[in-house]
Structure formats: structure tokens, C-alpha cells
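In what follows, a structure is listed as C-alpha cells, so that the remarks can point back to it.
Just so you know, all these numbers are worked out from the coordinates, no wet-lab data involved. Treat the numbers as computed from the prediction; the structure is a model and nothing was measured. A quick note on method: Cβ atoms are made from the backbone with ideal geometry, for glycine too, and the neighbour counts reach across all protein chains shown.
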Amino acid sequence: MNMKKKNAKRKGFTIVELMIATGLSSAVIIGIGMLLVDSHRSWNRMYSRTYSGISSDSHVARRRFDSVVRNASTQGILLADDGSWVEVYYYSDPNATVVDRYARFFTYSGLDSNQLLIEHGAVQPRQTLTTETVCDNVASCVFKSAGNSAQMVLILSDGSETATIVASAVMHN
Amino acid sequence: MKTTKRSKPSAGFTFTEVMGAIAVLTVAVLGTSAYRYHATVDVRKADLKTSGARVGCLLCETWRGAPDPNTFNPASHLGTELTILTLTSYEGPGTPTGHNELGTYGITVDGEEYRATLFWKDVAPGLRALSVAVVWEWDRQNQSFSNLPPSKSFRLTTYVTTD
């Protein structure tokens, strides 16, 4: 009789209580864990998108295209039939009376990745002066023209990130 | 002689200490998660606004350079490189009073849909203002396209001579 009383007063949790507590805490932990994993994944995606080479490439390509085309003369623009390259003309000197330089945007298949290049040269006689790389990671690039403006639709990809860059500029000179 | 056995000081933490530590850790982890979430969302919003501005700039500059601004159609000019749909006027940003609408278009860039309305107004003899208003579907939160706040829209105006 005395033993039974002692057993009834024993402290602790029953197996049912433990199971319920375990179930509830598991649900909460899994929920928070999923939230954290999702948040971390989004953060990593955002971080790589912000600091990837694609981001700086797109910025440089757009700025370069804008500055060259805006500086170009309205006297003419040459465009490939398939839009793979565009050539604009500009004055080498503010005091020049004739358009004497050209700038041609085109893509080049490099060893590691395709590149967007710009070639500057003299018009008469035709002579290449400099060729510089604008950006890497070019997946495709198409140029268009409408009146006095030129457009570029550039798709950059480094395998993990893809970005479409659109740019348009009016020739001013 | 009666000796009282003193209980040994138990090693480890009490239940209250463990619960307190868990609570502090939870607050720290949730706080970190919250700031990361808001940073991600803000970067996303900034990215959309930047892309929206680029789309607006593309349309504005192309329209400005077009031989005849009255017949400019982005869908026919850039439709082969970008996904551009012609929409009805109520499906995009509204045209301000006193302006003439050229058209409303849906432009998809990197999987995100932007809606642009092109409108113009003769502000002086021989001078025409060409404007482009751009909004984006993401973060619209069921608000009307025509009443979106400046944080969720972009408007650009350029001028051409008509003489």
C-alpha cells in the first residue's frame, strides 16, 4: 500500500507528454529551419547577382555603348544584316570639319567566353587604330537602328547568372 | 553518529538556463534572418526599378531617334529581340491629362514583365515632349496600374523638334 503511494507521486513526464512535446518542437524547428534555409538561399542568390561579373559587365557595356553612340555623327550608321555588328562615325577632334573616325561594336568568340569588342579606326584611308574589350560573358548580342538612334540587346551569361541588357542612344553630332 | 549526505553539485545547466539560451539564440537568428530578408527584398525592388528605368530609357531614346515619332511602334522594331506585346491603354500606366497616347506595351525582360505607356504633347511651337511611363508587375500588390506610387513606377521625358 505504501509502495503504491510512492509510485503515484513520482515526478516526470509520461511518454504521451514527451511524444507531444517532441512532435510540437519538431514542427517548430523544421518550420524555422525551412525559413532559414530559404532566407539563406535568397541571400546567396542576391549576393552573387549583385557582385557577379555579369553585373559589372552589364554596367560597362551599357555605359560604353551610350557614350560612343551619343558621340557619333548623324551622317551615317552601318549595320550588319543580321545585327551582329554596328558601325558609327565620329569626329576625332571638336574642330574637325569631316567625320574621320569610326567605331565598330562586334562580338568575338574568345577562349573562355564570348566578348563584346569595340574597334576604333580612321575612315580615310581605312585603318584600325585600337581594339578594346568591352565585356566578357556574352551569350548573344544584336544591334538595331531606328533613324538617328542605335539599340543594343545584349544577353550576358556566366553559367549561373543570366542578364539581358537593353540600351539605346541617339547620335548627337 | 548520524551523517547527512550532502548532494553533489550537479554538473551542466538547469532547464531555465537552457530555455533562456534558446530564447536568446532564437531572437538573434530570427533578427539576422529578418534583416537578410529585407535586404534581399530591397535589392530585388532596386533591381526591378533599375531595369524599369532601362526599359524606359530604351523606349524613350528609340522613339526620339525614330524617323517619324507618330508611327513609332516598339513591338515591330524590337519585337524580334525582346518579348513586346501591344496592350490596351487600361492595362498599363495612365496617360496624363492633356497628353496624347501613342500606345501601351508589355515588355518582358529576364522573366519580369514591365508595362509601358508612351505619350506625347506639343509643349511649344515646334517642340514636342515624348514621355514614357513604366511600371512592373512584381510588388504591384493589386494596385491599379494608373495609380502606382513613384517607388513602383518610372517616368522619363525627352524633347524633339517637329519643324
Tally of residues being more than 8 Å from chain A (Cβ to nearest Cβ), buried (at least 23 other Cβ atoms within 10 Å of the Cβ) and free of Cβ contacts under 8 Å to residues at least 40 places away in the same chain across segment B:47-63: 0
For segment A:45-56, indicate whether the set of residues that are polar (S, T, N, Q), surrounded by fewer than 14 Cβ atoms within 10 Å (Cβ to Cβ) and under 21 Å from the mean Cα position of the chain (by Cα) is non-empty. yes
Working only within segment A:92-111, note down all residues that are part of a loop (DSSP other than H, G, I, E, B), over 15 Å from A:Thr128 (Cα atoms) and in contact (Cβ under 8 Å) with a residue 24 or more places away in the chain. A:Val99, A:Gly110
Restricting to segment A:57-94, name every residue that is basic (Lys, Arg), surrounded by fewer than 19 Cβ atoms within 10 Å (Cβ to Cβ) and under 21 Å from A:Leu156 (Cβ atoms). A:Arg63
Within 22 Å of the chain's Cα centre (by Cα), in a helix (DSSP H, G or I), farther than 30 Å from B:Val160 by Cβ and among the hydrophobic types (A, V, I, L, M, F, W, C), is that true of B:Val29? no
Take A:Thr128 and tell me if it is away from chain B (no Cβ under 14 Å), in a strand (DSSP E or B) and free of Cβ contacts under 8 Å to residues at least 12 places away in the same chain. yes
With free of Cβ contacts under 8 Å to residues at least 40 places away in the same chain and farther than 16 Å from A:Ala146 by Cα as the only criterion, which of B:Asn100, B:Asn70 stands out? B:Asn100
